[in-house]
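What follows is a single structure, written as structure tokens, with notes after it.
Values in this text are rule-based calculations from the coordinates and carry no lab data. What you see is a predicted model, and the numbers here were worked out from it, not measured in a lab. In this analysis, Cβ positions are derived from the backbone assuming ideal geometry, glycine residues included, and neighbour counts consider all displayed protein chains.
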Amino acid sequence: MNPGTIAIKGIRQGLLVTLGEGEWGARLRALEAHLGANPSFFRGGRIALDVGSRELGHSQIEEGRALLERHQVELWAVVSTNPATETAARELGLVVDLGFSRLRESEDEAEGDEEPPVEGLVVRRTLRSGQSLRHPGHVVIIGDVHHGAEVVAGGNIVVWGRVRGVVHAGALGDEGAVICALDLAPTQLRIAGLIARSPEEQQGKPVPEMAVVQDGKIVAVS
Amino acid sequence: MEGRGSDSRRRAARVITITSGKGGVGKTTLVANLSVALAMQGQRVVAIDADVGLRNLDMMLGLENRVVYDLVDVIEERCRLRQALVRDKRLSELFLLPAAQTRDKSAVQPADMIRVCEELREQHDFILVDSPAGIEQGFRYAIAPAEEVLIVTNPEVAAVRDADRVIGLVEAEEKGPARLIVNRVRPDLVRRGEMLDISDVVELLAIDLVGIVPEDEAILVTTNRGQPLAFSSDSSQAGRAFHNIAQRLLGQDVPFITLREPGVFERIFRFMRSEGDGS
């Protein structure tokens, strides 16, 4: 990838924009020029930014988000090989792992609509109240999903921990999706268009369970 | 958390914001008592009442009638910061920066709080910011200057959930790791399973615990009188708990108090008396 070029390509979740090398402020201005040149292409869309190995803090990511917002573009993900940047992005509620970021080096930069397969998203933290995770593919959470937190996945959801919040698998309509957890006692559980609640009384030692759709209903099997 | 410098090499003040999400869990009471406890340890303390429009800390510290200028006066440059600080009449190293009562949260921006705390840091050891309840502007500016955050909660479901939400926001602001104080614990209710156990709360929130404060009638009486309980540390469990928190903040390893539960005989006695005292 040439330094200084901005690469844009279509992915399933929207657009992936690779910012290339250079100083952050300058790259943002270059991005803004792109946005200004093709307003109808970008407006109303959502963008994942690939920032490479840069170390970015909250304010810098927010700066990018604000810039995109001025052009009516939503920033939903930041892809970086820098752990500090990933952490900052995640804390701002952004997705940091598109599931295929490792493959991107070998791909051509092009404005196209190629669709790499949507893979799993692994999240190694606890989702607290008010935090929300959305991903079109499968989601694996190593941690808990607290009351008031929300996970929405196009595919399956696996939680290595406790589920107390709202989890929605197969959110793009797949009734074959499942939800597994070490301790599955969500406020509400959804698979595709179906909704279920946990039984009122939760007694005894929790056991790992899997929720699946059977005969048009969500059932839990252990 | 990195080690603090020794006394010979005094560093700028630690800015600690005390917040909770839910209202009524005892933030202001805690700030009043913790300020007193730290000042009694010889620390130079400023307590900032960040609850603009609903100020209470001045009353709880018994300094209400000495307030001349306030936080908003400082921010809007109607006075110098020094002029707005109210020096405690009992502890010469304890100061209060009161909130404005006739204004609201929109009068303060996060940058204002950072500037005020920065100016105070040179002259003091601790700056305790008493955050308003909620997660809106008041919370935002209260958290802005913080280097450390104490989350106050009660052992009840609603308070713990709000605390969880706030911890998430604090982590997102890179102010973490937040530490936890469980306030208003009633051992009798915990024993009967009608109140969450401390270990339940810590497990739910998954952050470090720095204090357990039991419910204590004396708190109500002393705060109404403007004489925080921490002034008389030996008389009550709650008073001792405040001093323990202060010592832990100073890096001392103080064991958590085992909350005094009524003994078996006392329980039987109480049972026979029936619910006479309502406690």
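A few points about this structure:
- A:A84 versus B:R192: modelled label distance in nm, points set 7 Å from Cα along the beta carbon direction: 5.4 nm
- Nearest 10 degrees, 0 to 90: helix B:27-40 Cα axis against chain B principal axis: 80 degrees
- Cα long-axis angle, helix B:237-249 against chain B (0 to 90 degrees, to the nearest 10): 50 degrees
- FRET efficiency for A:V221 and B:A206, using Cβ-Cβ distance with R0 set to 41 Å, rounded to 0.05: 0.90
- Against chain B, whose longest principal axis comes from its Cα atoms, helix B:110-121 is set at around 90 degrees.
- Scanning chain B for trypsin sites (Lys or Arg not before Pro) in DSSP loops with at most 16 neighbouring Cβ atoms within 10 Å leaves B:91-191 as the longest stretch between them.
- Antiparallel bridges, percent of DSSP beta bridges restricted to segment B:6-276 (to nearest 5): 5 percent
- Ordering A:M210, A:A88, B:P214 by the projection of their Cα atoms onto the charge dipole of the protein assembly as shown, which places +1 on the Cβ of Lys and Arg and -1 on the Cβ of Asp and Glu, puts B:P214 at the extreme positive end.
- A simple charge model with +1 on the Cβ of Lys and Arg, -1 on the Cβ of Asp and Glu and nothing else charged puts the dipole of segment B:6-276 at about 600 debye relative to its Cα centre.
- Pairwise label distance in nanometres, A:L194 with A:A26, each label 7 Å out on the Cα-Cβ vector: 5.7 nm
- Taking a sphere under 9 Å around the Cβ of B:E173 and counting the other residues whose Cβ falls inside, with K and R at +1 and D and E at -1, yields a net charge of -1.
- Based on the Stokes-Einstein relation at 10 °C and a viscosity of 1.306 mPa s, and on the Kirkwood radius from alpha carbon pairs, segment B:6-276 is assigned a translational diffusion coefficient of 84 µm²/s.
- Under the Debye formula (equal points on every Cα, no solvent term), log10 I(q)/I(0) of the protein assembly as shown at q = 0.07, 0.08, 0.09, 0.12 Å⁻¹: -0.48, -0.62, -0.77, -1.14
- Computed about its Cα centre, the charge dipole of the protein assembly as shown is approximately 1300 debye, with only Lys, Arg, Asp and Glu carrying charge at their Cβ.
- For B:K89, a cut-off of 26 angstrom between C-alpha atoms picks up these lysines, skipping any fewer than 8 places away in its own chain: B:K27.
- Relative exposure of B:M113, B:M60, B:M195, A:M210, judged by other C-beta atoms within 10 Å (fewest first): A:M210, B:M195, B:M113, B:M60
- Stretch gain in nm, segment B:R225-B:E147, where the contour uses 0.36 nm per residue and the Cα spacing is subtracted: 24.9 nm
- Think of segment B:6-276 as having a plus end and a minus end, set by charges on the Cβ of Lys, Arg, Asp and Glu; of B:S236, B:L250, B:L120, B:S236 sits farthest toward the positive end of this dipole.
- Over chain B, dividing the summed -39,500 (n - 2.57) contributions of all DSSP H runs of at least 4 residues by the number of residues returns a 222 nm mean residue ellipticity of -11000 deg cm²/dmol.
- Residues of type lysines that B:K22 reaches as a straight line, Cα spacing below 21 Å, ignoring anything fewer than 8 places off in the same chain: B:K105, B:K175
- The ranking of B:F231, B:F126, B:F256 by Cβ neighbour count inside 10 Å, starting from the fewest, reads B:F256, B:F231, B:F126.
- A:K205/B:R90 FRET efficiency (R0 60 Å; Cβ-Cβ; nearest 0.05): 0.70
- Inter-site label distance for B:N65 and B:E122 at 7 Å from Cα along Cβ, in nm: 3.5 nm
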